[in-house]
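Trainee: Below are the structure tokens for one structure; questions will follow.
The values are calculated or read from the model by the stated rules, or taken from the named source; none is laboratory data. Keep in mind that what you see is a predicted model, and the values were worked out from it rather than measured. No Cβ is skipped: glycine too gets one built from the backbone with ideal geometry, and neighbour counts run over all protein chains shown. Remember, those area values only see protein heavy atoms, side chains included, never the ligands or the DNA or RNA. Shrake-Rupley method; radii C 1.70, N 1.55, O 1.52, S 1.80 Å.
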Amino acid sequence: MKRYLIFGVFLGLLGSVFGGEMKVVSLHPLIGDMLKQVGGERVEVVDLIGKNGDPHSFEPKAGDIAKAVGVKVYFVSGMGLEGYLGEMKAILPNDARIVEVGATLPALEGACDHEGHDHGDEHEHEHELDPHWWHSVDLYRRAVGVVKDELSKEFPEAKDEFEANAFAYQGKLDELDKWIRKEVVGIPKDRRKLATAHAAFEYFCERYGFESFPVQGLNREQMPDAVSLAKMISDLKEEKVRAIFPEKESNPKILTTLANDAGIKLGGELVADGRGVESYEEMMKANVAAIVAGLSGE
């Protein structure tokens, strides 16, 4: 019986390398979508955190790695987003490697911290760069090139397919970028002030001509003290911010209080990191639609 079990594991390992599909691991929903677009039918993407998992606070365990037996390359977002990488490297096989997709992209400065949970205790990790680069379609398009090169390095026999898929997908992203610019043109320049739950949309603001107001600051869950809350309300009024946009992953009570006290409407929910959507394009179109609806009109 043991002999058959060992043989089955051996076949599984061979299948991950020589089968019709080549396996890679994604640890971010938007990176997973990118891998599927570039890898096409030749690549199977193993998602270790799940569709609604939090890429900021994922805590890798040996059982998670077991789901990806035989996989040699793990794709993460990078720029310091994944504070668990050191821990993860310690439990990966020696021949596995981690690709930080955003590592070579031009980054904005700005620390951003996130709460996580470790056996019931809260902890935070910080990074000196703003890691939310995917909110710029231009940077996401560049990242497609990074994924294409890494997949070609790992599976050179499918290089031509990856290049063709990447070229086609980058064309779609060019169209998405043009669509966003066309949509936001209807928002008067003095209304392009994007107040969000936390500092996750700086790249969007830089790319599409908005001024960013992360009203909860660095931590999207912590309630500001009375003095900070009063200053936020004063700033929002002074800047004539028209709407505050909550995030689907955040506590809406804080923003509701701010909106009510500042006399500002609450806009539609934004998606910060791809959780709960089927694709990158779906996330960007939904966010842009919510922003345009919240800042246009009376």
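Trainee: With at pLDDT 85 or above and either touching a Cys at 6+ places or on another chain (Cβ under 9 Å) or of a type in the set (D, E, K, R) (or both) as the only criterion, which of ASP47, ASP64 stands out?
Mentor: Going through ASP47, ASP64 in turn, just one is at pLDDT 85 or above and either touching a Cys at 6+ places or on another chain (Cβ under 9 Å) or of a type in the set (D, E, K, R) (or both): ASP47.
Trainee: Going by the structure shown, is ARG3 among the basic types (Lys, Arg) and modelled with pLDDT under 80? Steps first, answer last, please.
Mentor: Working: among the basic types (Lys, Arg): yes; modelled with pLDDT under 80: yes.
Here the answer is yes, as ARG3 does meet what is asked.
Trainee: Being open to solvent by less than 40 Å² (accessible area, probe 1.4 Å), outside any helix (DSSP H, G or I) and not acidic (Asp, Glu) is the filter; apply it to segment 125-151 and report the residue that is modelled with the lowest pLDDT.
Mentor: HIS125
Trainee: Turning to a different aspect of this structure: Taking only pairs six or more apart or across chains, which ones have beta-carbon atoms under 8 Å, a first residue in segment 78-98 that is under 16 Å from ILE31 (Cα atoms) and touching a residue at least 40 places away in the same chain (Cβ under 8 Å), and a second residue that is open to solvent by less than 60 Å² (accessible area, probe 1.4 Å) and aliphatic (A, V, I, L, M)?
Mentor: GLY78/VAL101; MET79/LEU105; MET79/ALA107; GLU82/LEU27; GLU82/VAL76; GLU82/MET88
Trainee: Tell me, which strands (runs of 3 or more DSSP E) wholly within segment 38-108 include 3 or more residues that are buried (at least 17 other Cβ atoms within 10 Å of the Cβ)? Steps first, please.
Mentor: On the way: elements: 43-47, 73-76, 97-100.
Strands (runs of 3 or more DSSP E) meeting the threshold: 43-47, 73-76.
Trainee: Given the conditions (1) open to solvent by 50 Å² or more (accessible area, probe 1.4 Å); (2) closer than 22 Å to ALA143 by Cβ, and given that ASN287 satisfies all but one, which numbered condition is not satisfied?
Mentor: ASN287 satisfies every listed condition except (1).
Trainee: Kindly provide the set of residues from segment 260-277 that are farther than 29 Å from GLY53 by Cβ and buried (at least 16 other Cβ atoms within 10 Å of the Cβ), ordered by number.
Mentor: Once the filter is applied, which keeps residues that are farther than 29 Å from GLY53 by Cβ and buried (at least 16 other Cβ atoms within 10 Å of the Cβ), segment 260-277 yields ALA262, ILE264.
Trainee: Tell me, yes or no, whether segment 89-96 has at least one residue that is at pLDDT below 85 and of a type in the set (Gly, Ala, Ser). Reasoning before the result, please.
Mentor: Within segment 89-96, the subset at pLDDT below 85 is none.
No, the conditions are met nowhere in segment 89-96.
Trainee: Can you name every residue in segment 255-298 that is assigned to a loop (DSSP other than H, G, I, E, B), of a type in the set (Val, Ile, Thr) and over 26 Å from ALA230 (Cβ atoms)?
Mentor: Once the filter is applied, which keeps residues that are assigned to a loop (DSSP other than H, G, I, E, B), of a type in the set (Val, Ile, Thr) and over 26 Å from ALA230 (Cβ atoms), segment 255-298 yields VAL271, VAL277.
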